[in-house]
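Working notes, beginning with the structure itself.
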Amino acid sequence: MPNAPTLPRTPAPDTAAPGRPLEWLHADDLVPYPEALAAMETRVAAIREGRAAEAVWLLEHPPLYTAGTSARIEDLTDPDRFPVHFAGRGGQYTYHGPGQRIAYVMLDIAARGRDVRHFVSQVEDWVIATLDEFNVKGERREGRVGVWVVRPDRPPMPDGSPREDKIAAIGLRLRRWVSFHGLSINVDPDLSHFDGIVPCGIREHGVTSLVDLGLPVSMADVDVALKRTFPQIFGRPIETAGSGN
């Protein structure tokens, strides 16, 4: 797997979270989606069998679209623009590409209370806390997946309500109570690449990024914020040495 970091198998003691070992993994190069999916599958199996620590994998993909289990073909408006991959996660179509921080979250949800709804809420809270590190107010919206920001700098909606743009997507899957897939935060992607889909099936709202909001934020800045806020949401883990490529 030339572009993906080796996901080491480190012993994971049979203790409840928080306080479980957690490994932060980082890929310096763009990781092809099929390789990322295969690496996650391998790591999830190892976590489930007690042969590996929980992990958060930080990476970027080359430009591509992924289709979740609820994706509608009519929302793929430009099928020839980028490769399309069936993800197996929840949700609809989304875009991944350079300038977008992906965090694949491989956690033992059985050790964390077996509450799927609470876990999804925690992932949303993690994104919101990360954005808050940059004084960006991320918000949930009923019936709209992901994290949103209000755009008072943009013309209002036809009904007079403030315009809102999506800044982060969330799509998760569990296998025998171990999570995988995760979240994506738009740091500085080419926002025109979202034009080939209806992101998450939502037509009336747009997408934005930290840089689009006028913030000179780097990917490294976002990584620091993700690591700093993780314990606030999930509890403080026992961190193990991570790896990159």
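The values are calculated or read from the model by the stated rules, or taken from the named source; none is laboratory data. Please read all numbers here as calculations on a predicted model, not as lab measurements. Please note: Cβ atoms are built from the backbone with ideal geometry, for glycine as well, and neighbour counts cover all protein chains shown.
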Inset, instruction - Examine region 192-208 for a residue that is modelled with pLDDT of 95 or more, aliphatic (A, V, I, L, M) and out of contact with any Pro (no Cβ under 7 Å at 6 or more places or on another chain), and state whether such a residue exists. - result: no
Legend entry - The listed residue being farther than 28 Å from Ala36 by Cα, of a type outside the set (Phe, Trp, Tyr) and free of Cβ contacts under 8 Å to residues at least 40 places away in the same chain, out of Val136, Val150: Val150
Inset, instruction - Would you tally the residues in region 146-169 being part of a strand (DSSP E or B) and either crowded, with 23+ Cβ neighbours inside 10 Å or not aliphatic (A, V, I, L, M) (or both)? - result: 11
Legend entry - Which listed residue, of Asp195, Asp223, Asp165, Asp188, is under 14 Å from the mean Cα position of the chain (by Cα) and acidic (Asp, Glu): Asp223
Inset, instruction - Quickly run through region 24-42 and pick out the residues that are touching a Phe, Trp or Tyr at 6+ places or on another chain (Cβ under 8 Å), closer than 17 Å to Arg89 by Cβ and surrounded by 20 or more Cβ atoms within 10 Å (Cβ to Cβ). - result: Ala36, Ala39, Met40
Legend entry - Residues within region 58-71 that are in contact with a strand residue (DSSP E or B) (Cβ under 8 Å, 6 or more places away or on another chain) and either more than 23 Å from Gly143 (Cα to Cα) or exposed (fewer than 15 other Cβ atoms within 10 Å of the Cβ) (or both), tallied: 6
Inset, instruction - For region 183-195, indicate whether the set of residues that are in contact with a Gly (Cβ under 6 Å, 6 or more places away or on another chain), under 16 Å from Ile102 (Cβ atoms) and in a strand (DSSP E or B) is non-empty. - result: no
Inset, instruction - Would you please list the contacts, defined by Cβ atoms under 7 Å and residues six or more apart or on different chains, that run from a residue in region 100-116 that is more than 15 Å from Leu172 (Cα to Cα) and crowded, with 20+ Cβ neighbours inside 10 Å to a residue that is among the aromatic types (Phe, Trp, Tyr) and modelled with pLDDT of 95 or more? - result: Arg112/Phe119
Inset, instruction - List the number of the failed condition for Arg89; all other conditions in (1) surrounded by 16 or more Cβ atoms within 10 Å (Cβ to Cβ); (2) under 30 Å from Gly143 (Cα atoms); (3) modelled with pLDDT of 90 or more hold. - result: (3)
Inset, instruction - Please work out if Lys166 is in contact with a helix residue (DSSP H, G or I) (Cβ under 7 Å, 6 or more places away or on another chain), of a type in the set (Lys, Arg) and modelled with pLDDT of 95 or more. - result: yes
